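Enquirer: Please read through the structure below; I'll follow up with questions.
The values are calculated or read from the model by the stated rules, or taken from the named source; none is laboratory data. Everything numeric in this text was worked out from a predicted model, so none of it was measured. Heads up, the Cβs are rebuilt from the backbone with ideal geometry, glycines too, and the neighbour counts pull from every protein chain shown.
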Amino acid sequence: MSILVFIEGSEGVLKKSSKEAISYAAQAGSILNDQEIVAVVLGSYDESILSNLGSNGATKVINVEGDVFAENQIGVFSDSIQGIMTDNDIKLLVMIKSSFSDNIGGRIAGKTGASVVSSVISLPDVSNGFKVNKSIFTGKAATTVSVNGDIKVLIVNKNTVELQESGDIAPVEKIQVSSDIEVKIKITGKEKAEGDILLEDADIVVSGGRGLKGPENWGIIEDLAKALGAATGCSKPVSDVGWRPHHEHVGQTGVKVSPNLYIAVGISGAIQHLAGVNSSKVLVAINNDPEAPFFKAADYGIVGDAFEVLPKLTEKIKSL
Ligand SMILES: Cc1cc2nc3c(=O)[nH]c(=O)nc-3n(C[C@H](O)[C@H](O)[C@H](O)COP(=O)(O)OP(=O)(O)OC[C@H]3O[C@@H](n4cnc5c(N)ncnc54)[C@H](O)[C@@H]3O)c2cc1C
């Protein structure tokens, strides 16, 4: 039997997390003795991009093309994935956590009765049934759940497994669908976040808080981000007062990020901010108050004035 992995992307570019999704499925496959890892990609993508998914463990890529996928409609995507699952008798679907994949999981569960577990943070344990760990209370705790349904959907948090890259190439099967599928909701306008690196996808994020004093000082955040190839983020009050755009607001009520490195500058470390960053691999806090709560959550901390520390840090990184 195969494991199906849904790969998210947009406008011909796959999300970086797609590599993690396949790496997770491949490692789960070793545990479950399912050696066929089928990646499903919906929309138009270059064959070379798709075949490279073999490097992360895909044994085959199914690419369904059609104008109908251009609008990223949840219903169209979930129906297509469910169709592939039914046609191929697939019992396990793996996706990386996002609002899109959570919605797809819910719809597939509604139609097929599948057991869906979201925020998964471990590979399956099949020593006694089928169990996974999932993160709860915005990452403050974890719980183990038994997944008993015949059809299972695992929606996995980023940074759950190490990326695997073998350099292998996977065969790509292209399927065309007609555009006469009924689309119930039509998107009539789009506003795109600016910036070269998408916050949700970034490997490194440099975020600024109220400690930066004003929007005119954001140059030191942007310089450090540029030197590191990072995306920029901010705390909620910073976007609330308009120092930074709302799409940069990180936290419980904003974007949840899971980069390899999150650098918080002049951010106190309120629980609502930490809820959006606590699945990052390494957290660094830069704050002039040694009692700032962020230091309790951080792996590394610098007690100092951001206006002195950041230019020096940026220069050092540039020289490396
Ligand atoms: C329902 C609800 C939801 C919320 N959701 C979110 C959310 O999603 N995201 C979020 O961020 N917040 C959220 N908040 C707000 C949150 O509680 C905090 O108020 C907010 O995170 C604080 O932002 P801050 O750390 O930038 O500012 P402050 O709390 O004012 O902290 C500024 C920090 O900068 C430091 N500092 C000052 N000067 C310097 C300097 N020169 N150099 C270095 N450090 C300096 C200070 O020591 C301080 O620690 C939410 C609140 C509520 C009630």
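Enquirer: Looking only at segment 278-289, which residues are without any contact (Cβ under 8 Å) to a residue 60 or more places away in the chain and either within 12 Å of the ligand (Cβ to nearest atom) or surrounded by 21 or more Cβ atoms within 10 Å (Cβ to Cβ) (or both)?
Expert: So the first thing to find is which residues in segment 278-289 are without any contact (Cβ under 8 Å) to a residue 60 or more places away in the chain, and the list is 282-286, 289.
Correct list: L283, A285, I286, D289.
Enquirer: Go through segment 232-255 residue by residue and tally those that are surrounded by fewer than 23 Cβ atoms within 10 Å (Cβ to Cβ) and in contact (Cβ under 8 Å) with a residue 40 or more places away in the chain.
Expert: 4
Enquirer: Same structure, new question: Just the residues that are assigned to a loop (DSSP other than H, G, I, E, B), within 11 Å of the ligand (Cβ to nearest atom) and either farther than 19 Å from K158 by Cβ or of a type in the set (A, V, I, L, M, F, W, C) (or both), please, taken from segment 232-256. Outline the logic, then answer.
Expert: Looking only at segment 232-256, we keep the residues that are assigned to a loop (DSSP other than H, G, I, E, B), and these are 235, 241-245, 251-254, 256.
Now drop any that are not within 11 Å of the ligand (Cβ to nearest atom), which leaves 235, 241, 243-244, 251-254, 256.
Scanning segment 232-256 gives S235, V241, W243, R244, T253.
Enquirer: Which of the residues spanning segment 290-310 are away from the ligand (no atom under 12 Å from the Cβ) and within 21 Å of E222 (Cα to Cα)?
Expert: Y300
Enquirer: In addition: Out of (1) within 22 Å of W218 (Cα to Cα); (2) touching an Asp or Glu at 6+ places or on another chain (Cβ under 6 Å), what's the single condition that is false for V282?
Expert: Single failed check for V282: (1).
Enquirer: Please go through segment 265-299 and pick out each residue that is assigned to a helix (DSSP H, G or I) and of a type outside the set (A, V, I, L, M).
Expert: Step one: of segment 265-299, the residues assigned to a helix (DSSP H, G or I) are 271-274, 294-297.
Passing the criteria: Q272, H273, F294, F295, K296.
Enquirer: Residues to consider are F100, F77; find the one that is out of contact with any Lys or Arg (no Cβ under 8 Å at 6 or more places or on another chain) and surrounded by fewer than 23 Cβ atoms within 10 Å (Cβ to Cβ). Before you say what the answer is, go through the steps one by one.
Expert: Numbers: F77 fails: surrounded by fewer than 23 Cβ atoms within 10 Å (Cβ to Cβ).
Result of the check over F100, F77: F100.
Enquirer: Which residues, counting only those in segment 206-231, are within 20 Å of the chain's Cα centre (by Cα), surrounded by 16 or more Cβ atoms within 10 Å (Cβ to Cβ) and away from the ligand (no atom under 14 Å from the Cβ)? Walk me through it before giving the result.
Expert: The initial filter retains those residues of segment 206-231 that are within 20 Å of the chain's Cα centre (by Cα), namely 206-207, 225, 228-231.
Remaining after also requiring surrounded by 16 or more Cβ atoms within 10 Å (Cβ to Cβ): 206-207, 225, 228, 230-231.
Correct list: A225, L228, A230, A231.
Enquirer: Report whether or not K174 is away from the ligand (no atom under 16 Å from the Cβ), under 28 Å from Q82 (Cα atoms) and at pLDDT 90 or above. Please lay out each step first, then the result.
Expert: Working: away from the ligand (no atom under 16 Å from the Cβ): yes; under 28 Å from Q82 (Cα atoms): yes; at pLDDT 90 or above: yes.
Against the criterion (away from the ligand (no atom under 16 Å from the Cβ), under 28 Å from Q82 (Cα atoms) and at pLDDT 90 or above), K174 qualifies.
Enquirer: Kindly evaluate L224 against the criterion of being touching a residue at least 40 places away in the same chain (Cβ under 8 Å), more than 18 Å from N159 (Cβ to Cβ), in contact with a Leu (Cβ under 9 Å, 6 or more places away or on another chain) and not assigned by TED's automatic domain parsing to the domain that holds I121. Reasoning before the result, please.
Expert: Details: touching a residue at least 40 places away in the same chain (Cβ under 8 Å): yes; more than 18 Å from N159 (Cβ to Cβ): yes; in contact with a Leu (Cβ under 9 Å, 6 or more places away or on another chain): yes; not assigned by TED's automatic domain parsing to the domain that holds I121: yes.
Yes; evaluated as a whole, the condition is true for this residue.
Enquirer: Just to be sure I understand the filter: pairs with C-beta atoms under 8 Å, separated by 6 or more residues or on different chains, first member in segment 291-310 and in the same structural domain as L261 (by TED's automatic domain parsing), second member part of a helix (DSSP H, G or I) and polar (S, T, N, Q). Which pairs pass?
Expert: Between residues of segment 291-310 that are in the same structural domain as L261 (by TED's automatic domain parsing) and residues that are part of a helix (DSSP H, G or I) and polar (S, T, N, Q), the close pairs are F307/N217.
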